[in-house]
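Below is one structure; the comments refer to it alone.
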Amino acid sequence: MTSAPPPADRVSPAGLGFALAAYGVWGFLPLAFVFLAPAGAVEVVSWRIVFGVVFCAILLTVTRGWSRFMSLARDARAFGLLSLAAVLILVNWGVFIYATLAGHVVEGALGYFINPIFTVILGVVVLRERLRPLQWIAVGVSVVAVIVLVVGYGSFPWIALTLALSFGMYGFVKRAVGPRADAISGMTVETAVLSPFAVAALVVVQLTSGLVIGTQAPWHTAIMLSLGALTATPLILFAAAARRLPLVYMGLIQYVAPVLQFIIGVWLLREAMPAERWLGFGLVWIALILLTIDMFLRKPSVGALARRGS
């Protein structure tokens, strides 16, 4: 029996804690990747996949979830969708880690700010959904924001748009899988699918430039070894939060991660923020405020929920 979704007017303190913890980990991830230099993006992504498989195997053993995993692996449609999701998340991880190591944390944060807007556009293009007036305005403002960033900053924000596109499509594919895949089993399939390519990449890195893991300070190796936990833990926290919080609140809390990344990029890593970049980000934030207002306006009342459940 599946549990009912949380009422739209009920906020679980535990759910809020799980959600804030999940997005907090995602928000501070750039710091972990910065500390992993001089390791390159290929090595970091590959170890993230390999250690992710190991960590997931441990979790499946502890939670006695191997039967759920095997059932999922035998579901051809679910396995195919999760394999596609694995490719999309590989693109997302690779670009995000590259952006962090190359000093583009702020542009990476922009990608996750844009992601909710891209999700709305994806609903129109793929699901044939109709936009409401505030959503149209938000999409229009976001398009202007991208134009401002391209013209004013002098380069196409490919990092931000690739992150938004890959993560938006990843969420769409995961939605298609639905409840057949719990967080641990789903991630196990995704990382297992990618692991042969990750191992091959590590061999190539070792034969060409040499692997960095184990050649630096002990804390560097410790962070590298923790990549699996850093990948799986926020996903599990997110799944726990989603079962306890209304969608409206999950939609709001998702901004915690890019806000933290933005703060890290601007104030800790001292990345450049000329006036035109502030203007572009400001327009994106206006679009997000409009989407948030629309989200609350569409929030069903308690009476409507009661009538729907009767």
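The values are calculated or read from the model by the stated rules, or taken from the named source; none is laboratory data. It should be emphasised that the depicted structure is a prediction, and the values quoted were computed from it without experimental measurement. All Cβ positions, glycine included, derive from the backbone under ideal geometry; neighbour counts span all protein chains shown.
Remarks
- Being crowded, with 16+ Cβ neighbours inside 10 Å and within 20 Å of VAL87 (Cα to Cα) holds for only one residue in LEU237, LEU149, LEU165, and it is LEU165.
- Here GLY94 fits the description: of a type outside the set (Asp, Glu), without any contact (Cβ under 8 Å) to a residue 60 or more places away in the chain, over 18 Å from GLN254 (Cβ atoms) and in a helix (DSSP H, G or I).
- All conditions but one from (1) at pLDDT below 90; (2) more than 23 Å from LEU245 (Cβ to Cβ) apply to ALA8; the one that does not is (2).
- Taken residue by residue, the stretch 146-167 has at least one member that is in contact with a His (Cβ under 6 Å, 6 or more places away or on another chain) and closer than 25 Å to PRO258 by Cα.
- Contacts under 8 angstrom Cβ, first residue in the stretch 44-66 being farther than 14 Å from THR233 by Cβ and outside any helix (DSSP H, G or I), partner at pLDDT below 95 and of a type in the set (Gly, Ala, Ser), 6 or more apart: GLY65/SER185
- Selection status of ARG270, among the basic types (Lys, Arg) and surrounded by 14 or more Cβ atoms within 10 Å (Cβ to Cβ): no
- Taking the numbered list (1) in contact (Cβ under 8 Å) with a residue 60 or more places away in the chain; (2) surrounded by fewer than 18 Cβ atoms within 10 Å (Cβ to Cβ) in turn, THR215 passes all entries but (1).
- Among the conditions (1) over 18 Å from the mean Cα position of the chain (by Cα); (2) surrounded by 14 or more Cβ atoms within 10 Å (Cβ to Cβ), the only one that SER155 does not satisfy is (2).
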